[in-house]
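This report refers to the structure that appears directly beneath it.
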Amino acid sequence: MRFKWAVLALAPLFSGVAQADHDHTHELPAVEVTAHAHDSSGHLHQRMVNSADTSEMLQDYIGAYSYQAGGISALPNIRGMNDNRIRVLVDGTELTAACANSMNAPLTYISPAAVANVSVLAGITPVSMGGDSIAGTITVDSAKPVYADSADAWLYQGSFSTVYRSNNNGLSTALSATAASDNLSLNFTSTMDRAQSYEDGNGRKVRSTQFERHIQTLTIGAKGDNEDFVLRLSHQEVPHQGFPNQRMDLVGNKADSINASYSRQFGWGDLDTRIYWQEVSHEMGFFSSEKPGMMPMNTHGKDMGYNIKATIPLNDAHLLRIGNEFHRQTLDDEWPPVSNNPMNMMSPNTFVNINDGRRDRIGIFAEVESQWDSRWSSLLGARVDHVRSSAGRVQPYGNNMMNMADVTAANIFNASSRSDSNNHLDLTATGKYEFSDTTSLEFGYARKTRSPSLYELYSWGKGPMARNMIGWFGDANGYLGNPDLRPEKANTISATLDWHDAEGKSWQAKVTPYFTYVQDYIGVERDPSAPGNAPRTHLIFDNQDARFYGINMEGAKQLWHDTPWGEGRMKASLAWTRGERTNGDSLYQIMPLNARISLEQKKGAWANGIDVQFVDRKTRVDDTRLEPETGGYTLVDLRSSYQWSKARLDFSVTNLFDRYYALPTGGVAFADWKANGSVGAMGPVAGMGRSVNVGLTLDF
């Protein structure tokens, strides 16, 4: 069996380092193999140094990974289920990709430098955290407002950080400035990320992997004795971003958002409320000689909504949470004509892909968290959502013979009802039993429901060009929507057996098997009229039944403590997932068996580590989508950091041995195939070769 290795980073152990500033020394926390949230002072800071893509921060969660898209737009996957099946919350807001290729997915709207906390809930998600999703919930939050300790003086503070990555000549910067009294806080944060196309382990450029992004956020906080108000105003601009596995690139994305939250403590409990709005203008096209072409695609989208949650202690043993949520997505997707295209295929009209698309979801939930005694606890919840989707009339580029397939499809689409309505019922039941101070068992069941997206329902074009523009899977196939799709219903059972030392500081081991059966899973079928395998094919979204099952194993051990070498810890994890239709056919973008071993050493102000990651070869592939097989590989990363009172220096080397490898969930290298004359089969996208990364953070 061939594997892949990746390493956190073990720089020199610096055993001779003398006593540093004790107020800023590193100490290993209590051993914990799975954290529901990390803060930016630890692993998140390390991930920021290695990548400008926020999805890379998911690597610390067993069973969660991301699959290749743009340099800042990789899409998350939890236990084999991806993208739309995951509820992603950025600072508490629910955002939707306004793009037929998901180039502006939710995690693109926050830079790693601005992330303070990440939480991943897989499979059995509390109903208060998940609706209209079946895989789990990812929450990414920026820092909370800070306030002065006294009413007598204002607090002024800030920070500046910069990171350089050698492989793609990448540069990230972040500036944060705060002025605050004891009850009012003002913060401005500006981040920038940019890079050229990266090189693989053989020194070859992986085309269309360059990017640039700018984000500015103004945060206003106000607090009283028992209440808090936070208002965030944000502007994001992405001038360009290449996509190695898509037919087009991003040539402009501008987004403005308003996010306001209010929380208050009452005698009966806590009230948390939020209202948000975001507007996006998005354009796909071509901007580089690495992937030349001519065709504009413009999308305008809005997300808006609110959520209200009340937390009410019923007594010393039971806690009730009840709430109401609403989310609306609007979408217009139009492709302007191109007058000088061959045979007038893209003129004289604007191709209207989605017109006045709208998707509304409103839901209510209730859950009870109970501590029955010192050993037994439980969580029971139910949730009901109503989802309604609709779209307006559409049109093709023209009525000539070259567009006849789209003309016919538009007429059929316009004559249909173009609306869809579904009711969801979600249930969650979990329990935990503490056998002793060293052993516990968590177990549970969940039923989750997801309705199809606007693109899954209403992508209507049947011409080859129109189909090829639809798809967020990185496979270069063409997709056709299906207005008759039914919601996905997922039933999950899972258990976690946890062993640890009595104090929770020396060692820990966890084993988590899981099984999910999805009724009416939204997969694909080949279109009988589609071309063969030369080079790709055309697919239709269709309901199927599918199952996902696997096991996650994690362990951590303190190796040494309070020695001349400081403190040392080893962590290990293994994840195995199988995703398949009930007829046995493999599903798309399932991560093969993978494992990770990490060694960390900390002494005074120094922190060092090494990660070794193993990935097995991928031979179980989705033949319907022409998914390529990939070989196994091993990657090694090194990391070191030093913390002063007002500064931090980070250094890392990723892919230390400059190993060539293909990304097992990265799709096909369309940009390279096109640059090489569009001849032969499309191979997989190659991963990044060795990169030396240096970061500096200054506090003031």
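Structure data summary
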read-out: Residue within segment 492-506 that is in contact with a strand residue (DSSP E or B) (Cβ under 6 Å, 6 or more places away or on another chain), open to solvent by less than 10 Å² (accessible area, probe 1.4 Å) and not β-branched (Val, Ile, Thr) present; value: no
read-out: Residue match in segment 105-125 (condition: open to solvent by 40 Å² or more (accessible area, probe 1.4 Å), touching a strand residue (DSSP E or B) at 6+ places or on another chain (Cβ under 7 Å), closer than 30 Å to residue 363 by Cβ and modelled with pLDDT of 95 or more); value: no
read-out: Test: residue in segment 50-71 that is modelled with pLDDT under 50 and either in contact with an Asp or Glu (Cβ under 9 Å, 6 or more places away or on another chain) or of a type in the set (Val, Ile, Thr) (or both); value: no
read-out: Out of 291, 254, sole residue that is assigned to a loop (DSSP other than H, G, I, E, B), in contact (Cβ under 8 Å) with a residue 12 or more places away in the chain and of a type in the set (Lys, Arg); value: 291
read-out: Conditions (1) modelled with pLDDT under 95; (2) open to solvent by 10 Å² or more (accessible area, probe 1.4 Å): number failed by residue 91; value: (1)
read-out: Considering residues of segment 256-302 that are more than 30 Å from residue 144 (Cα to Cα) and of a type in the set (Gly, Ala, Ser) only, the residue modelled with the lowest pLDDT; value: 293
read-out: Verdict on residue 231 being of a type in the set (A, V, I, L, M) and open to solvent by 20 Å² or more (accessible area, probe 1.4 Å); value: yes
read-out: Members of segment 545-573 that are in contact with a Leu (Cβ under 9 Å, 6 or more places away or on another chain) and polar (S, T, N, Q); value: 552, 558
read-out: 1 or more residues of a type in the set (Phe, Trp, Tyr) and open to solvent by less than 40 Å² (accessible area, probe 1.4 Å): qualifying strands (runs of 3 or more DSSP E) within segment 577-686; value: 606-615, 633-643
read-out: Qualifying residue in segment 459-466 (condition: more than 19 Å from residue 427 (Cα to Cα) and among the aromatic types (Phe, Trp, Tyr)); value: yes
read-out: Subset of segment 321-337 that is hydrophobic (A, V, I, L, M, F, W, C) and open to solvent by less than 40 Å² (accessible area, probe 1.4 Å) - its residue that is nearest to residue 367 (Cα to Cα); value: 331
read-out: Tabulated pairs, segment 666-693, first over 18 Å from residue 474 (Cα atoms), second assigned to a helix (DSSP H, G or I), C-beta under 7 angstrom, 6+ apart or interchain; value: 693/49; 693/50
read-out: Selection count where residues are over 30 Å from residue 556 (Cα atoms), touching a residue at least 24 places away in the same chain (Cβ under 8 Å) and not β-branched (Val, Ile, Thr), scope segment 483-530; value: 17
read-out: Candidate set: segment 387-408, residues that are open to solvent by 20 Å² or more (accessible area, probe 1.4 Å), in a loop (DSSP other than H, G, I, E, B) and at pLDDT below 95; chosen: the one farthest from residue 460 (Cα to Cα); value: 400
read-out: Selection within segment 432-468 - within 28 Å of residue 545 (Cβ to Cβ), basic (Lys, Arg), open to solvent by 10 Å² or more (accessible area, probe 1.4 Å) and modelled with pLDDT of 95 or more; value: 447
read-out: Unmet requirement for residue 305, which otherwise passes all of (1) open to solvent by 40 Å² or more (accessible area, probe 1.4 Å); (2) modelled with pLDDT of 95 or more; value: (1)
read-out: Segment 195-221: number of residues that are open to solvent by less than 60 Å² (accessible area, probe 1.4 Å) and more than 25 Å from residue 113 (Cβ to Cβ); value: 3
read-out: Criterion violated by residue 604 - all others in (1) at pLDDT 95 or above; (2) in contact with a His (Cβ under 9 Å, 6 or more places away or on another chain); (3) of a type outside the set (Phe, Trp, Tyr) satisfied; value: (1)
read-out: Tally, over segment 382-416, of residues that are without any contact (Cβ under 8 Å) to a residue 12 or more places away in the chain and not aliphatic (A, V, I, L, M); value: 2
read-out: Residues of segment 243-296 satisfying the condition of being under 23 Å from residue 535 (Cα atoms), open to solvent by 30 Å² or more (accessible area, probe 1.4 Å) and among the small types (Gly, Ala, Ser); value: 289, 293
read-out: Identity of the residue in segment 62-99, more than 22 Å from residue 594 (Cβ to Cβ) and in a strand (DSSP E or B), that ends up nearest to the chain's Cα centre (by Cα); value: 88
read-out: Criterion violated by residue 315 - all others in (1) polar (S, T, N, Q); (2) more than 18 Å from residue 470 (Cα to Cα); (3) touching a strand residue (DSSP E or B) at 6+ places or on another chain (Cβ under 9 Å) satisfied; value: (3)
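The values are calculated or read from the model by the stated rules, or taken from the named source; none is laboratory data. This is a predicted model, so every value here is computed, not measured. Glycine gets a Cβ as well: all are built from the backbone with ideal geometry, and neighbour counts include every protein chain shown. Just the protein is used for accessible areas: all its heavy atoms, side chains included, with ligands, DNA and RNA removed. Shrake-Rupley method; radii C 1.70, N 1.55, O 1.52, S 1.80 Å.
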